[in-house]
Amino acid sequence: MAALSIIVVLAFFLSLLLRWFQNHSMVVGWPIFFLNMNRRTIYMGITFVLTYGSIIGIGYFFGIWLGLAALVLKFVIGRVSFHHYLKRAVAELAEWEYQQMLKDRSDTNVPFEQLDTMARFLRVASPWVDFTMDESAMRQEAYRRAHQAIQDRVMRG
């Protein structure tokens with residue numbers, strides 16, 4: 001009985017690590033192995049069964065209150081890890097967007113023929129872009145774009 005309770009606790013800690021990895025992958029992007037939806041579904045199913053099975057096992061072996069504490073710990077770990085990676089990814093992408101906006105603004109005075117291909121495409125494809133924004137407005141717009149892009153990535157999976 002003692003060996004089984006130790007296995008249940010180890011399974012719970014393993015499930016927390018798997019959840020942390022799942023949150024990282026949802027925000028940053030899945031590794032190549034998990035780009036196949038069947039593999040990803042199996043991974044999420046195993047994580048689900050391991051997590052809630054071990055929580056039920058902890059409740060059975062150690063009492064309902066420790067089982068509830070394990071459930072709360074699972075939610076806290078999941079939320080903290082997701083928001084950690086979400087904030088980091090948004091900040092990195094917002095900085096990249098801001099640098100691109102600065103580069104695009106510096107290209108507004110350059111004649112069209114002297115621009116490289118991407119700058120030409122930007123000028124033709126997005127004539128509505130406002131290059132007269134001040135620095136704080138550009139940072140806010142870059143953050144808004146980055147947050148939307150990361151949110152779309154998370155929602156698509």
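Here's the yes/no breakdown for (1) in contact with a Gly (Cβ under 8 Å, 6 or more places away or on another chain); (2) on the phi < 0 side of the Ramachandran plot; (3) at pLDDT below 95:
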| site | (1), (2), (3) |
| --- | --- |
| L14 | no, yes, no |
| T51 | no, yes, no |
| S54 | no, yes, no |
| G57 | no, yes, no |
| G63 | no, no, yes |
| A70 | yes, yes, no |
| A89 | no, yes, yes |
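Would you confirm whether any residue within region 46-58 is of a type in the set (A, V, I, L, M, F, W, C) and under 27 Å from H147 (Cβ atoms)?
In the first step, residues of region 46-58 are kept if they are of a type in the set (A, V, I, L, M, F, W, C); the result is 46, 48-50, 55-56, 58.
Okay, now just the ones that are also under 27 Å from H147 (Cβ atoms), so none.
No, region 46-58 contains no residue that is of a type in the set (A, V, I, L, M, F, W, C) and under 27 Å from H147 (Cβ atoms).
Working carefully through the options L17, L4, L35, L66, find the one that is in contact (Cβ under 8 Å) with a residue 12 or more places away in the chain and surrounded by fewer than 17 Cβ atoms within 10 Å (Cβ to Cβ).
Details: L17 fails: in contact (Cβ under 8 Å) with a residue 12 or more places away in the chain; L35 fails: in contact (Cβ under 8 Å) with a residue 12 or more places away in the chain; L66 fails: in contact (Cβ under 8 Å) with a residue 12 or more places away in the chain.
Just one listed residue meets the conditions, L4.
Could you tell me whether G53 is part of a helix (DSSP H, G or I) and crowded, with 16+ Cβ neighbours inside 10 Å?
Taking the combined requirement at face value, the residue does not satisfy it.
Matching residues to (1) aromatic (F, W, Y); (2) at pLDDT below 70; (3) surrounded by 14 or more Cβ atoms within 10 Å (Cβ to Cβ); (4) within 29 Å of the chain's Cα centre (by Cα):
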{"residue": "T108", "(1), (2), (3), (4)": "no, yes, no, no"}
{"residue": "A119", "(1), (2), (3), (4)": "no, no, yes, no"}
{"residue": "L122", "(1), (2), (3), (4)": "no, yes, yes, yes"}
{"residue": "D134", "(1), (2), (3), (4)": "no, no, no, no"}
{"residue": "Q151", "(1), (2), (3), (4)": "no, no, no, yes"}
{"residue": "V154", "(1), (2), (3), (4)": "no, no, yes, yes"}
{"residue": "G157", "(1), (2), (3), (4)": "no, yes, no, yes"}
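The values are calculated or read from the model by the stated rules, or taken from the named source; none is laboratory data. Note that the structure is predicted; figures quoted are calculated from it, not measured. Quick reminder, even Gly has a Cβ in these numbers, built from the backbone with ideal geometry, and neighbours come from all protein chains shown.
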